[in-house]
Amino acid sequence: MRYFLLLCLLMVSAKISAQIHLSENAKVSIITCAPDQNELYAAFGHSAIRVYDPENNIDYAYNYGTFDFNQPNFYLNFTKGNLLYRLAVQSYPRFRSIYLYYNRWVHEQVLDLNQNQKQQVFDFLQWNALPENQDYLYDYFYNNCATIIRDVFVKVLGENIRFDDSHINTNYTIRELTDLYLKDQPWGDLGIDICLGLPMDKKASPYEYMFLPDYIEKAFDHASIMKETGPLPIVLETIVSDPDQAQVITHSVPHPWVIFGVAMLLTIVISFFDYKKQRPSRWLDVTMLSITGLIGWLLLLLWIATDHKAAANNFNILWAIPTNLIAVFMLFAKRKALVTKYFGLAAALTLLVLASWPFLPQQLNVYLIPLVIALGIRYGLNYWLSKSTYE
């Protein structure tokens, strides 16, 4: 079996590396696949390139959205932001059928390319699929499986392809663009908003909208190809493949508003009784300080110790304070004056964050407001009680 698999691999590699001349009936297409709101990784949809040539028995999907779990130091590279994605050459009928099976539509934009241009695109893709060329350094927004589709045609066709961005009539930030696709995944939206910082809040140029597959499709719908008679629309036709039934969105986890709202109400009730008995519930403070401190250190490490560019300058550190981990030990220290100062500063900072929430350069997720209020209440209570004890 091992030798049979090796032989198959060698045959596929030989087929990819060999020079194949496309026939006049060959077609090159942009493939756009619907988002899947049941999985975070699929929430933004997907893009690929199809090359179809019945005379050469070719029907390939060139998919830049794959990666190898067995690549050296996979988890370390993932953590550091150096994850390598790769180009996979797949059977297009199978590629399409998988998306339809999961009730996701597939759009195929057949491109108006001359024979030489089709061959150039195909040759580039074949070269790019070779083992020594197939990996690329992934970036969430600037070098992903959608943007690289655009870049292939820009690289191969050069000035012969022109994008008209007049159809972009919005002024979204990159964060706002991602939010559009995460309305049905509030926890995913929250996680992204916590982990990624100020770079997500820059206004996206029309060219940068194309990190999303839907906007790749729209961009090619409004792109032109230079012909001898002048520029013409690059898309000849769009073939729509719809699934047999609509996608059903299933989410079993309660909404963040519910979880954080209940947590805030419980914090208010517990804090009221703590104030009445003049003794804080240490289990609650230890839990809140530990969780927010750990989140703060995670955000700090993503910011300064990795190559995740979008994680830099993260204002969430204003409520997920890394020093809260140290404050856990301060709770049991005898130096009450230090505890008083820390919780006084933390309470003032939290109040400032809440007051300036709508005006911060980074858009913080509104689902966090009940949690931050709860933190402020505990900071204020600990400040008041430790101050009273100290005095």
Closer than 22 Å to G188 by Cα, aliphatic (A, V, I, L, M), in contact with a strand residue (DSSP E or B) (Cβ under 9 Å, 6 or more places away or on another chain) and surrounded by 19 or more Cβ atoms within 10 Å (Cβ to Cβ): does that describe A48?
no
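When you look at Q90, is it in contact with a His (Cβ under 9 Å, 6 or more places away or on another chain), surrounded by fewer than 19 Cβ atoms within 10 Å (Cβ to Cβ) and not β-branched (V, I, T), yes or no? Steps first, answer last, please.
On the way: in contact with a His (Cβ under 9 Å, 6 or more places away or on another chain): no; surrounded by fewer than 19 Cβ atoms within 10 Å (Cβ to Cβ): yes; not β-branched (V, I, T): yes.
Spelling it out, it is not the case that Q90 is in contact with a His (Cβ under 9 Å, 6 or more places away or on another chain), surrounded by fewer than 19 Cβ atoms within 10 Å (Cβ to Cβ) and not β-branched (V, I, T).
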Which numbered condition trips up E217, out of (1) part of a helix (DSSP H, G or I); (2) of a type outside the set (K, R); (3) in contact with an Asp or Glu (Cβ under 9 Å, 6 or more places away or on another chain)?
(3)
Given the structure, is Q109 touching a residue at least 40 places away in the same chain (Cβ under 8 Å) and assigned to a helix (DSSP H, G or I)?
no
Qualifying positions in segment 131-154 - under 18 Å from G65 (Cβ atoms) and either hydrophobic (A, V, I, L, M, F, W, C) or at pLDDT 95 or above (or both)
N133, L137, F141, C145, A146, T147, I148, I149, R150, D151, V152, F153
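Looking at segment 254-263, can you tell me whether even one residue there is closer than 29 Å to G188 by Cα, open to solvent by less than 20 Å² (accessible area, probe 1.4 Å) and either in contact with a Gly (Cβ under 9 Å, 6 or more places away or on another chain) or in a helix (DSSP H, G or I) (or both)?
Initial filter on segment 254-263 (closer than 29 Å to G188 by Cα): 254-263.
Of the ones still in play, those that are also open to solvent by less than 20 Å² (accessible area, probe 1.4 Å) are 256, 261.
With either in contact with a Gly (Cβ under 9 Å, 6 or more places away or on another chain) or in a helix (DSSP H, G or I) (or both) added as a condition, the list becomes 256, 261.
So far as segment 254-263 goes, yes, one or more of its residues are closer than 29 Å to G188 by Cα, open to solvent by less than 20 Å² (accessible area, probe 1.4 Å) and either in contact with a Gly (Cβ under 9 Å, 6 or more places away or on another chain) or in a helix (DSSP H, G or I) (or both).
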Pick from segment 154-173 the residues that are assigned to a helix (DSSP H, G or I) and touching a residue at least 40 places away in the same chain (Cβ under 8 Å): which of them is farthest from K309 (Cα to Cα)?
N160
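Count, please, the residues in segment 31-53 that happen to be closer than 16 Å to V89 by Cβ and among the charged types (D, E, K, R). Lay out the reasoning, then the answer.
The first filter runs over segment 31-53 and keeps only residues closer than 16 Å to V89 by Cβ, leaving 31, 46-53.
Add one more test, that the residue is among the charged types (D, E, K, R), and what stays is 50, 53.
Residues meeting the conditions: 2.
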Within segment 329-360, take every residue that is open to solvent by 20 Å² or more (accessible area, probe 1.4 Å), of a type in the set (G, A, S) and within 35 Å of the chain's Cα centre (by Cα) and give me the one that is nearest to L198 (Cα to Cα).
S356
Output the residues belonging to segment 150-166 that are touching a helix residue (DSSP H, G or I) at 6+ places or on another chain (Cβ under 6 Å) and either open to solvent by 20 Å² or more (accessible area, probe 1.4 Å) or closer than 16 Å to Y215 by Cα (or both).
R150, V156, F163
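Test of understanding: among S271, S224, which residue is in contact (Cβ under 8 Å) with a residue 12 or more places away in the chain, open to solvent by less than 60 Å² (accessible area, probe 1.4 Å) and part of a helix (DSSP H, G or I)? Please lay out each step first, then the result.
Values: S224 fails: part of a helix (DSSP H, G or I).
After ruling out the rest, the residue left standing is S271.
The values are calculated or read from the model by the stated rules, or taken from the named source; none is laboratory data. This is a predicted model, so every value here is computed, not measured. Cβ atoms come from the backbone with ideal geometry, glycine included; neighbour counts cover every protein chain shown. Surface areas here come from the heavy atoms of the whole protein model, side chains and all, with no ligands, DNA or RNA. Shrake-Rupley method; radii C 1.70, N 1.55, O 1.52, S 1.80 Å.
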